[in-house]
Amino acid sequence: MYNNISKKVVAITGASSGIGEAAARLLAANGAHVVLGARRRDRLEAAVKAIRAEGGSAEYQALDVTSREQMEAFIGFAKDKFGHVDVIVNNAGVMPLSKLEALKVDEWDRMIDVNIRGVLHGIAAGLPIMQKQGFGQFINVASIGAYGVVPTAAVYSATKYAVRAITDGLRQEVGNGIRVTLVSPGVTESELADHISDEEARQQMKEYRRISISAAAVARTILFAMEQPEEVDVNEIIVRPTASSN
Ligand code: NDP
């Protein structure tokens, strides 16, 4: 079987839970060297330990994606450790939903900082390395919120529309050995909705999020985009639960 995953160096942000952690596990099980980044060091350490126990290759470095310096250090760590960087999965994200009238401006800023600036920092840190190497792949995790808006999700969706725009712009600009992929999940089991502080939005999400797919299912779409031959660039994937329109 064709394997375009083995020995690839893959840096994953937001790898301490949910989709990022599932992707790290799946890619490591398929022979990649995975480098996990997020803020919760204990969770990263546990994930790396579990991957190694299954015979996989994994490292971690604590990372706040809102800091350009920390992102540079994170991608630099992956490159120093393995000599090059094949894939950057810009996955870290937050979703504190609320109606605009609730004026949770700090949470708006947080979403902009993590979901947009975090992705841009990943591109800023990785693009020069990939251009020098002449190869690489960015896999940016957006959302079905990048394709439509629902009440309470105006700012979250705006950040994901931005990720979609940035990703497509990057694709058009780079080419030449560098692949660019947008993965947009629908409702997925993870810790994402646990941090919604607005009571009304929290209640609404209970029904909206009733039917979900596993984080492992989204990880498989990341693997699919990676494992295609280098001349094939999977640009956009939307993956939702079969039994739900969300
Ligand atoms: P989780 O909440 O389980 O994971 C989010 C990850 O992002 C965690 O590892 C968290 O780690 C990390 N993170 C948050 N803030 C920062 C930061 N400032 N710096 C570094 N890492 C950070 O949710 P998901 O796995 O669901 O989310 C992953 C991505 O998938 C997000 O971009 C989300 O928007 C997207 N998505 C999820 C959907 C879903 O239904 N679950 C649907 C559509 C898209 P830590 O707290 O340790 O820093």
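Observations, loosely collected:
- With Cα atoms, 0 to 90° folded angle of helix 118-133 axis to the chain main axis: 20 degrees
- Pairs of Cα atoms nearer than 8 Å and 6+ residues apart set the relative contact order; for the chain it is 20 percent.
- Dipole axis of segment 9-239 (+1 Lys, Arg; -1 Asp, Glu on Cβ), positive-most option in ALA158, MET226, LEU44: LEU44
- Taking all C-alpha pairs of segment 53-196, those more than 26 Å from each other amount to 28 percent.
- Ranked list, fewest to most other Cβ atoms within 10 Å of each Cβ, for TYR60, TYR147: TYR147, TYR60
- Fraction of antiparallel bridges per DSSP, segment 9-239 only, in percent to nearest 5: 0 percent
- In sequence order, calculated HN-Hα J values of segment 178-192 (Karplus, 6.51, -1.76, 1.60; Hz; x Gly/Pro): 10, 9, 9, 10, 10, 10, 10, x, x, 4, 10, 4, 5, 8, 4
- Seen against the Cα atoms of the chain and their longest principal axis, helix 215-227 is set at about 40 degrees.
- Taking the chain as a Gaussian network of alpha-carbon nodes connected by springs under 10 Å, the highest mean-square fluctuation of the residues PHE74, PHE135, PHE82 belongs to PHE82.
- Each of ASP109, ASP42, ASP198, ASP86 was scored by other Cβ atoms within 10 Å of its Cβ. Listed from fewest to most, they are ASP42, ASP109, ASP198, ASP86.
- The chain - Rg and Dmax from Cα coordinates, angstrom: 17.0, 54
- Per residue of the chain, the DSSP helices (runs of n ≥ 4 H) give a summed -39500 (n - 2.57) that works out to -14000 deg cm²/dmol at 222 nm.
- Remark on TYR60: its backbone amide H falls under 5 Å from those of LEU36, a criterion applied only to residues 5 or more positions apart or on other chains, H modelled at 1.01 Å from N.
- Close amide H pairs (under 5 Å, H built 1.01 Å from N) link VAL89 with ALA11, ILE12, THR13, ILE139, residues at least 5 positions away or on another chain.
- Cβ charges +1 (Lys, Arg) and -1 (Asp, Glu), total dipole of the chain, debye: 360 debye
- Legend: ranking of residues ILE238, ILE222 from fewest to most surrounding C-beta atoms inside 10 Å; resulting order ILE238, ILE222.
- Taken over the chain, lysine pairs spaced eight or more positions apart, or on distinct chains, with alpha carbons under 13 Å apart number 4.
Computed from the coordinates by the stated procedures, all read-outs in this text should not be read as laboratory data. Being a predicted model, the structure only gives us computed values, none of them experimental. A quick note on method: Cβ atoms are made from the backbone with ideal geometry, for glycine too, and the neighbour counts reach across all protein chains shown.
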